[in-house]
Structure formats: C-alpha cells, structure tokens
1. Between rounded, prolate and oblate, where does the stretch B:26-75 land on the alpha carbon gyration tensor, with a ≥ b ≥ c its root eigenvalues, rounded for a/c under 1.5, else prolate if a/b exceeds b/c?
2. Find the sum over both chains of the accessible area lost when A and B are paired, probe 1.4 Å, and report it in Å² to the nearest 100.
3. Which percent of the accessible area of the protein assembly as shown is formed by carbon and sulfur heavy atoms (probe 1.4 angstrom)?
4. Within the stretch B:42-74, list the trypsin sites (Lys or Arg not before Pro) lying in a DSSP loop whose Cβ has at most 10 other Cβ atoms in a 10 Å radius.
5. Please build a GNM for chain B, connecting alpha carbons under 10 Å apart, and tell me which residue among B:LEU47, B:LEU21, B:LEU104 fluctuates the most.
6. May I have the pair-distance distribution P(r) for the stretch B:43-116, computed from all Cα-Cα distances with 10 Å bins from 0 and rounded to whole percent?
7. Could you work out the mean projected area of the convex hull around the alpha carbons of the stretch A:52-111, in square nanometres to one decimal?
8. Modelled label-to-label distance, B:SER84 and B:ASN115, 7 Å Cα→beta-carbon offset: nm?
Amino acid sequence: ETGVTQSPTHLIKTRGQQVTLRCSSQSGHNTVSWYQQALGQGPQFIFQYYREEENGRGNFPPRFSGLQFPNYSSELNVNALELDDSALYLCASSLDFSPLHFGNGTRLTVT
Amino acid sequence: AQSVSQHNHHVILSEAASLELGCNYSYGGTVNLFWYVQYPGQHLQLLLKYFSGDPLVKGIKGFEAEFIKSKFSFNLRKPSVQWSDTAEYFCAVNANNAGNNRKLIWGLGTSLAVNP
C-alpha cells in the first residue's frame, strides 16, 4: 500500500503570494488532516476533511483554505502569505477515526 | 482550552539506559492519547495509542505508555534504549467526544539522543 505523499517537498515564496500544497492520502483512507509545524514546535491543527467536507478547523485565518477531492486527495491553499507562514506543513490521512498516517511534509519558506 | 505538556525538551542517554518521557494534558473529559516518533529525515510515525481499556499500552519497538487518569498523564517508557531510538517524540491528545481524531493537540516534542 502506498503511504501519504506530499508535494512539493520544498517551496520558497514571497510575502503576499499564494501557495497550493498537495497531498495524496494513503490507499483506502477517506480523511485528510493538515497541520502546521513551526521550528521547535509541535504540529498545530489547521483543518480536517472527511469525505470531501471540512470536518473541523483550528485557529487559522480564512486565508488558509482547503479542498478534498473524490479520490480523497487534498489541497491546502494559503493566500496573502506572511513571513510567519514559514513552516513545515504536514498532511495526514486516516480511515474514519483511525490514527493518523503522516506524509513527509512540505517545507514552505516565505521571504 | 486543551493543552499538552511534555516535561523534557532534550534528553541524552547512553545505550541500555531506561527511558521515561513525561506527558501531561489538560482536559477533564474522556481523551484519546497518542505518542508519535519522528526519526531524522522521516515522517511522523505512530508509536502507540490509548483509546480505552488497559491503561498500560504497548507499542512498537519495545515502547510502552501508562495512562494515569488521576494524574492526567501518559508517560512513555522503554526499559533499554538503543542508538536507533534517537528521534523526536511527540505526545498528542484529542477529546474523545470529538468522535474522531480531528484537532489533535500536540506537545512541543522531546528530542532524544542516544549515545552508542
């Protein structure tokens, strides 16, 4: 079975730009969660998608948005990038309420 | 608000030493508890989890954790560490009444270095 894959692995953007991060969930999983992990911190919950619907959101502004597609892959979009958005963005998938399986993350640097 | 506290930010041990990493959470209701590990250059992996039942949970690679409800703790233990256990360890909690694993609350992590 294939695991969770995220693309790109690294990305450099300028403040004010927009970015789209992509995640392919593990085969058979229908839930995708996105987390932001700043350097030296634990992951912070951004939101979760379950069967294409948003199913919970953390304390992130509306410029963080997402999608889940019929094949359960997902996108995280961030508009109007700020310097503080620089972080590792983690995608995790699961089947319903099972524990999360993580991808390797996308390292976003905003300059 | 829920929070998770990991007591040790950096731990250095010699091989064969015993390990205990502390984790405390703040939430009065029923919780699901997790320990994840991140080896250098790899993604987060589940070490073990507690949902209900026996409060002593055994995970992969010889790790175990004990849920003590009265102390709001879920400490991770291993009797004898190996150099390959060098990694970052994260404790995570979610409220069971959330019905699923959305909004896991994470500790800051503990960096474990095991010297050969």
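The values are calculated or read from the model by the stated rules, or taken from the named source; none is laboratory data. Here the structure is a predicted model, which means the values were calculated and not measured. A quick note on method: Cβ atoms are made from the backbone with ideal geometry, for glycine too, and the neighbour counts reach across all protein chains shown. Only protein heavy atoms, including side chains, enter the accessible area calculation; ligands, DNA and RNA are left aside. Shrake-Rupley method; radii C 1.70, N 1.55, O 1.52, S 1.80 Å.
1. Prolate.
2. 1700 Å²
3. Carbon with sulfur: 51 percent of the solvent-accessible area.
4. none
5. Maximum fluctuation in the GNM of chain B, among the listed residues, is at B:LEU104.
6. It works out to 17, 49, 28, 5, 0, in whole percents.
7. 4.8 nm²
8. 2.3 nm
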